[in-house]
Amino acid sequence: MKARAYVNFALIKYWGKKDEKLRLPFQASLSFTIDKLFTDTKVTVNKKLIKDKITINGISDERLNKRVIQHLNLIRSKYNIKDYVEVTSVNNVPTSAGLASSASSFAALTLAATKAFNLNLSKEELSRLSRYASGSASRSIFGNFAIWDVGDDKTSIARPIDINWPEFKIIVLMIDKSKKPASSTDAMKESVENKLLYDEWVKQSKIDLDKMLIALNNKDIKSVGEIAEKNANHMHDLIESTGITYKTKESLKAIDKIHELRTKGVLAYYTMDAGPNIKIITIDSEVNKIVDYFNEYETIVCSKGKDAHIVLN
Ligand code: PMV
């Protein structure tokens with residue numbers, strides 16, 4: 001069974017867990033699932049296997065395989081399944097470069113594995129299961145805009161939000177495809193320990209989320225961009241207070257260029273995740289101006305992606 005799930009980028013970030021094991025967040029997050037970056041994962045039950053056989057992007061890497069096996073074990077124990085599987089996963093996203101490959105990877109794995117085990121789960125259940133593997137994966141079950149609520153084990157799942165805004169775009173600026181300096185899990189843990197700053201983050205992100213929903217409903221790109229940018233900067237300030245930084249010189253150079261573009265009247269705003277790459281938040285009418293301005297970078301212009309789904313072939 002082969003499933004495809006798309007990458008999502010948070011406009012209001014998830015940063016920090018109140019329950020490490022259940023992966024429950026301290027605050028709700030809001031994302032946009034895009035069309036151009038995705039993961040295809042094929043899972044086949046093989047009764048002859050005595051352990052899972054995993055290939056990710058053409059190789060079998062023990063560290064990456066471990067997280068996949070952990071997730072398969074969780075699904076097996078939850079639904080009382082004994083079979084081992086063959087997993088072949090291909091990302092059209094550079095792995096671990098802050099391009100949210102874990103979100104699309106674990107959403108695709110969850111869908112493909114549960115289908116291979118003949119479980120027909122609801123999107124809510126798929127979102128919950130994906131969350132156990134990677135928080136942001138809970139949101140990649142849904143295309144377009146989605147909110148991942150705080151809640152408890154049962155209710156902390158993503159849900160789609162009904163905003164139809166085809167002009168909304170995210171342009172990925174490929175700054176660096178190399179691996180990030182610290183895993184988001186480790187950096188989150190350290191951030192949460194910084195209690196004073198962390199509490200402020202939780203409080204502010206709730207305010208940001210409310211404002212973001214209003215801005216999205218009004219299709220007000222200036223407000224959406226400003227709120228997202230402020231929220232991302234707040235998260236990165238918090239991260240940097242721990243001594244970890246995901247911003248490189250190149251990221252800062254690109255950010256300066258976005259500010260320059262804005263002084264020229266172009267509606268371009270940025271967000272960044274646990275990696276050096278920049279995502280530019282904009283609308284259709286501005287795309288060519290932005291891509292031309294960043295002609296020395298590889299750019300990927302993204303529209304809304306679909307829900308995770310089964311692909312036939
Ligand atoms: O789901 P994780 O552990 O990969 O964490 C993702 C965290 C950010 O990408 C930085 C923010 C987000 O909400 O996606």
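The values are calculated or read from the model by the stated rules, or taken from the named source; none is laboratory data. The model shown is predicted, which means the values in this text are computed figures rather than measured ones. Cβ: placed from backbone, ideal geometry, glycine included. Neighbour counts: every protein chain shown. Protein only, heavy atoms only, side chains kept; ligands, DNA and RNA dropped before computing areas. Shrake-Rupley method; radii C 1.70, N 1.55, O 1.52, S 1.80 Å.
Things worth noting here:
- Local electrostatic count at Trp165 - Lys and Arg +1, Asp and Glu -1, tallied over other residues with Cβ under 11 Å: -1
- Working from Cα pairs under 8 Å separated by at least six residues, relative contact order for the range 76-151 is 25 percent.
- Taking all protein chains together and rolling a 1.4 Å probe, Asp256 ends up with roughly 90 Å² accessible.
- Packing around the peptides 258-266, 214-222, 65-73, taken as the average count of other Cβ atoms within 10 Å per residue, puts them in this order, highest first: 65-73, 214-222, 258-266.
- Per-residue Karplus couplings for the range 275-287, computed as 6.51 cos²θ - 1.76 cosθ + 1.60 with θ equal to phi - 60°, are listed in order as x, x, 6, 10, 10, 9, 9, 7, 10, 2, 4, 9, 4 Hz, Gly and Pro entered as x.
- Placing a pseudo-label 7 Å from each Cα along the Cα-to-Cβ vector at Ile214 and Lys36 gives an inter-label distance of 3.2 nm.
- For the chain, with +1 on Lys and Arg beta carbons and -1 on Asp and Glu, the positive-most of Val291, Ile214, Val90 along the dipole: Val90
- Comparing Thr110, Gly243, Ala146 along the charge dipole axis of the chain, the residue lying farthest to the positive side is Thr110, per the Cβ-charge model.
- Segment Asp256-Leu197, length gained on full extension (0.36 nm per residue, minus Cα span): 18.7 nm
- Signed unit charges on C-beta, dipole axis of the range 2-162, positive-most listed residue Ser122, Ile50, Gly135: Ile50
- Carbon/sulfur fraction of accessible area - the range 182-244, other protein chains in place, 1.4 Å, %: 53
- Cα gyration tensor shape of the range 178-313, rounded if a/c is under 1.5, else prolate or oblate by comparing a/b with b/c: rounded
- Above-threshold pairs, the threshold being 30 Å between Cα atoms, out of Lys180/Lys203; Lys154/Lys219; Lys18/Lys257; Lys21/Lys203; Lys222/Lys253; Lys203/Lys264: Lys154/Lys219; Lys18/Lys257; Lys203/Lys264
- nm² value of the averaged projected area, convex hull over the Cα atoms of the chain: 15.5
- What the chain shows is 44 Å² of accessible area per residue, with the surface traced by a 1.4 Å probe over protein heavy atoms.
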